[in-house]
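The values are calculated or read from the model by the stated rules, or taken from the named source; none is laboratory data. A quick note: this is a predicted structure, and the numbers were derived from the prediction, not measured. Cβ sites come from the backbone with ideal geometry, for glycine too, and all protein chains shown count toward neighbours. All accessible areas refer to the heavy atoms of the entire protein, side chains included, with ligands and DNA or RNA removed. Shrake-Rupley method; radii C 1.70, N 1.55, O 1.52, S 1.80 Å.
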Amino acid sequence: MVSITVKFSGWLASYFPAAEMECWTHPEIDKALPDLISKVMAQSRAPVPQGGLMITINGQNVKKLDRNGYLIKEHDIVTLIPVVAGG
């Protein structure tokens, strides 16, 4: 397990007591993401509306990382960015 920082961007931050939180998770990204989402959402003040999230690790879009080989490291920063659409 590694200790990381989870940051909340945009309107998502209003659902949490602080704009970021420390969290322990798995180093393997395919295990870490569902684990983090579960832990983070359990800390929300109110149910978070369903919708898309862009997730970055140290500023890099998680979709662009090699999901099979990337290992999350101690003190990495995971940012949750709500996807906004409209017209």
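If you compute Rg/Rh (Cα atoms, Kirkwood Rh) for the structure shown, which of (1) 0.97; (2) 0.95; (3) 1.12 do you land on?
(2)
Using the alpha-carbon atoms, what tilt in degrees (0 to 90, nearest 10) does helix 29-41 show relative to the longest principal axis of the chain?
Taking the Cα atoms of the chain, the angle to 29-41 is about 30 degrees.
Of all GluC sites (Glu not before Pro) in the stretch 1-76, which ones are in loop regions per DSSP and have a Cβ with at most 13 other Cβ atoms within 10 Å? Walk me through the numbers before you get to the answer.
Details: sites: Glu20, Glu22, Glu28, Glu74; in loops: Glu74.
Listed in order of number, the matching sites are Glu74.
Name the trypsin sites (Lys or Arg not before Pro) in the stretch 1-57 that are in a loop by DSSP and that have at most 14 other C-beta atoms within 10 Å, would you?
Details: sites: Lys7, Lys31, Lys39, Arg45; in loops: Arg45.
When the trypsin sites (Lys or Arg not before Pro) of the stretch 1-57 are filtered for loop state and at most 14 Cβ neighbours within 10 Å, Arg45 remain.
Once the piece of chain linking Ile81 and Glu22 is laid out straight, how much longer is it, given 0.36 nm per residue of separation minus the C-alpha distance between them?
Details: separation 59, 0.36 × 59 = 21.24 nm, distance 1.68 nm.
That works out to 19.6 nm of additional length.
Express the accessible area of the chain per residue in Å², computed with a 1.4 Å probe while the remaining protein chains stay in the model. Intermediate values should be presented prior to the final figure.
Values: 5350 Å² over 87 residues.
Per residue, the chain has 61 Å² of solvent-accessible surface.
Roughly how many percent of the accessible protein surface of the chain is carbon and sulfur, given a 1.4 Å probe and a whole-percent answer? It would help to have the intermediate numbers written out before the result.
Numbers: 2980 of 5350 Å².
Accessible surface attributable to carbon and sulfur in the chain totals 56 percent.
Calculated from DSSP H runs of 4 or more alone, at -39500 (n - 2.57) each and per residue, what is the 222 nm mean residue ellipticity of the chain, nearest 500?
Numbers: 1 runs with 13 residues, N = 87.
Value at 222 nm, helices only, nearest 500: -4500 deg cm²/dmol.
Normalised by the number of residues in the stretch 1-73, what is the relative contact order in percent for Cα pairs under 8 Å and 6+ residues apart? Show your work: numbers first, answer last.
Values: 74 pairs, mean separation 25.8, N = 73.
Rounded, it is 35 percent for the stretch 1-73.
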